[in-house]
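Each value in this text was obtained by applying a stated rule to the coordinates, not by laboratory testing. Worth saying up front: this structure is predicted, and the values here are computed from it rather than measured. Positions of Cβ are backbone-derived with ideal geometry, glycine not excepted, and every protein chain shown enters the neighbour counts.
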Amino acid sequence: MKFRHIPGSNALFDFGSRNIQTYASEKPILDLREYLVGPLQASGAFFGISGMITRRFTFSMVGKWSGNEGTLDEDFRFHDGEIGHRCWRLEVNDNGTFSATADDVEGHAHGVQSGNTAVMSYRLNVFRKQRKITVHMEDWLYLLDDGTLINRARMTKFGLKVGEIVAFFYKDNSAHSKPEKVDSG
């Protein structure tokens with residue numbers, strides 16, 4: 001999957017043209033069915049058109065899979081106290097392509113995995129100041145050696161960049177990282 005832009009428009013679009021196959025040989029391999037399973041935590045920020053952070057957020061999620069079909073339940077909290085929930089329903093094909101739906105996504109999100117990277121494109125309904133705005137989202141996910149998953153998402157309206165989201169996901173191992181109580185008896 002290749003995303004194109006108008007030549008010379010990087011100031012507006014910022015990401016340029018990237019080809020997911022560029023990452024085909026990169027390791028560790030990102031398989032959404034393996035990474036998005038069990039409890040996960042994330043934190044990130046929304047950068048407005050000026051490039052300044054306008055919102056910060058944290059979220060927890062739980063991924064469940066049965067074969068190639070999965071759900072990802074997300075609960076998120078913004079720094080201003082707003083809370084939200086989204087449930088993604090995903091289906092991964094054996095050729096690396098995948099599709100996803102959520103209540104605030106128009107139609108289906110479509111994506112592909114290659115090497116340590118995945119990209120997904122979709123239309124998202126965002127509610128701001130009691131009105132709905134539909135934006136185009138392009139999410140790029142990059143798996144790092146330490147298990148951190150970086151999400152860099154571009155948000156556009158009428159082809160113009162209106163914001164960018166950067167988030168960091170990590171496996172929630174809190175239940176496993178607590179020291180065991182030692183019986184000194």
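Residue 157: which aspartates and glutamates have alpha carbons under 18 Å from its alpha carbon, excluding same-chain residues fewer than 8 sequence positions away?
14, 104, 106, 138, 139
Let me spell out the model: positive unit charges on the Cβ of Lys and Arg, negative unit charges on the Cβ of Asp and Glu, origin at the Cα centre of the stretch 24-159. What dipole size does that give, in debye rounded to 20? Don't jump to the answer; show the numbers that get you there.
Working: 16 positive and 18 negative charges, 153 e Å.
Charge dipole, the stretch 24-159, about its Cα centre: 740 debye, nearest 20.
Have a look at 87, 143, 71 and report the one farthest towards the positive end of the charge dipole of the stretch 24-159, computed about the Cα centre with Cβ charges (Lys/Arg +1, Asp/Glu -1).
In the stretch 24-159, that residue is 87.
Once both labels are modelled 7 Å past Cα along the beta-carbon direction, what's the residue 148-residue 162 spacing in nm?
According to this spin-label approximation, the distance is 3.0 nm.
Assuming a viscosity of 1.002 mPa s and a temperature of 20 °C, what translational diffusion coefficient in µm² per second does Stokes-Einstein assign to the stretch 24-159, Rh being the Kirkwood radius over Cα pairs? Write out the running numbers ahead of the final one.
Values: Rh = 15.8 Å.
Answer from the Stokes-Einstein relation: 136 µm²/s.
Loop only by DSSP, 10 or fewer other Cβ within 10 Å of the Cβ. Give me the trypsin sites (Lys or Arg not before Pro) in the stretch 80-167 that pass, ordered by residue number.
Filter output for the stretch 80-167: 129.
Just how far, in whole angstrom, is the stretch 107-139 from the stretch 18-53 if you go by their alpha carbon centroids?
Answer, in whole Å: 13.
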